[in-house]
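Accompanying notes for the structure given below.
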Amino acid sequence: MELTNHEFHELFKQLGLPDDPKGIDQFITSHSPLKNEIKLVDAPFWTPSQREFLKEQFIQDSDWIVMVDQLNEALRRERPRQK
């Protein structure tokens, strides 16, 4: 099986979210930090289809999983709030 290397912004596009640098930063900033006891797929800000997509990536250990892990890490970091 050949794996595809995806870019971080492509994951946002796949999730139906703004995929430009400013949109990605705004999404991460507005939803960070995600508490450690909350699984990424259980975060309250996902739509049902986004949640299902993320669950499938974990179950299938798909080629998206690297970017999903990167998103998970980004959402758990403390980030300064923009004024």
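So, restricting to helices (runs of 4 or more DSSP H) that lie completely within the chain, which ones have at least 2 residues that are without any contact (Cβ under 8 Å) to a residue 12 or more places away in the chain and among the polar types (S, T, N, Q)?
Per the criteria, 21-31, 48-60.
Looking across segment 15-61, just one residue is of a type in the set (F, W, Y) and at pLDDT below 95, and that is F58. N36 meets each of the listed conditions (1) surrounded by fewer than 14 Cβ atoms within 10 Å (Cβ to Cβ); (2) touching an Asp or Glu at 6+ places or on another chain (Cβ under 6 Å) apart from (2).
The set of residues from segment 1-14 being of a type in the set (A, V, I, L, M, F, W, C) and at pLDDT below 95 comprises M1, L3. The sole residue among F45, F8, F27, F12 that is exposed (fewer than 12 other Cβ atoms within 10 Å of the Cβ) and out of contact with any Ser or Thr (no Cβ under 7 Å at 6 or more places or on another chain) is F45. Among the residues making up segment 62-83, those that are over 8 Å from the mean Cα position of the chain (by Cα), acidic (D, E) and at pLDDT 90 or above are D63, E73.
The values are calculated or read from the model by the stated rules, or taken from the named source; none is laboratory data. Just so we're clear, the structure is a prediction, and the values are computed from it rather than from any experiment. Here Cβ is always computed from backbone atoms with ideal geometry, including for glycine, and neighbour counts include all displayed protein chains.
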